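The block underneath contains the structure these notes are about, expressed in structure tokens.
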Amino acid sequence: GVVQALGAQLWVVAGECKPQEIANTLWAFATLGERPVAGVLGALEERLVLVAGECKAQDIANTLWAYATMGERPGAEVVRALEGRLRAVAGESSTQHIANTLWAFATLGERPGTRVVEALEGRLRVVAGDCSSQAIANTLWAYTTMGERPGSGVLRALEERLVVVAGECKPQEVVNILWAYATLGERPRSGVVDGLKERLQAVTGDMNAKDVHTLLWSFQTLSIDLATNVRAALQRRCDVVE
């Protein structure tokens, strides 16, 4: 197909690619649900190791997101190179870059180095007020999946923003946020609980059985009471989709 033909040509020019071009190429393959033809990924990785020092925060986030979405593990040299650069550019990261980067590490079963996490957390505490509901959900999911607790002040900053954007949460985001709190053994502040409960009433009809079970487990684990009508709605949804 056209994608594979372009991939073959990419092998020829990989040695000339800039960081953004590599990131955009991998992002495109991942978004299309395609995998580069044999040899192309290796050629791009060789180039990426050489030019990692020129990467912007977005390039790193998009590259790691693409690997995770494709289900491909980057080579060890690539990870080291990107982590080294990430420490330097963390201060330029947007909340989406941070969320995507942490999500990618967690999805790949990798844990970024301590200094990388500290750099990202330092930035996150500053820009948490810009987080979307998706960024918060993905960030909390990533920490929990990696078996990590958010650093000092990070969870508080995310909670303050979550109170504001809870009404925008998609069903999976509500589930992932509450699952993360329950798994971490952290009870969210009352404003977060109230906001998510209210949102839950609007999105229950879009949940699958697994989501419902996860939610009920999370509420029980956190010792959070559900209004009778909300619990009944969840149970009805579970009965419909099982």
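The values are calculated or read from the model by the stated rules, or taken from the named source; none is laboratory data. Small disclaimer: the values here were computed from a predicted structure and weren't measured. The accessibility values were calculated without ligands, DNA or RNA, using every heavy atom of the protein model including side chains. Shrake-Rupley method; radii C 1.70, N 1.55, O 1.52, S 1.80 Å.
Just the protein heavy atoms count here, and of the accessible area of region 97-187 at 1.4 Å, carbon and sulfur take up 45 percent.
The string of couplings for region 181-192 from the Karplus curve (6.51, -1.76, 1.60, θ = phi - 60°) is 4, 5, 5, 6, x, 10, 8, x, 5, 4, x, 5 Hz, one whole number per residue in order, with x for Gly and Pro. Accessible surface for the chain, divided over its residues, is 47 Å² per residue with a 1.4 Å probe.
Specify the angular offset, from 0 to 90 degrees and rounded to the nearest 10, of the alpha carbon long axis of helix 2-13 from the longest principal axis of the alpha carbons in the chain. Compared with the principal axis, the helix lies near 50 degrees. Across region 123-133, computed HN-Hα scalar couplings (Karplus, 6.51 cos²θ - 1.76 cosθ + 1.60, θ = phi - 60°) run 5, 5, 4, 7, 10, 4, x, 9, 5, 7, 4 Hz from first to last residue, x flagging Gly and Pro. Heavy-atom accessible area, probed at 1.4 angstrom with all protein chains present, ranks E148, E121 as E148, E121, highest first.
Reported to the nearest whole Å, the Cα centre-to-centre distance from region 82-113 to region 14-66 is 15.
Look at the alpha carbon pairs under 8 Å that are at least 6 residues apart: their mean separation over the length of region 101-242 gives a relative contact order of 22 percent. Across H97, H213, the residue with the most accessible area heads the list, and the full order at a 1.4 Å probe is H213, H97. Taking every protein chain into account, the 1.4 Å probe leaves E21 with about 90 Å² of accessible area, to the nearest ten.
Against the criterion of solvent-accessible heavy-atom surface with a 1.4 angstrom probe, M146, M207 sort, most first, into M146, M207.
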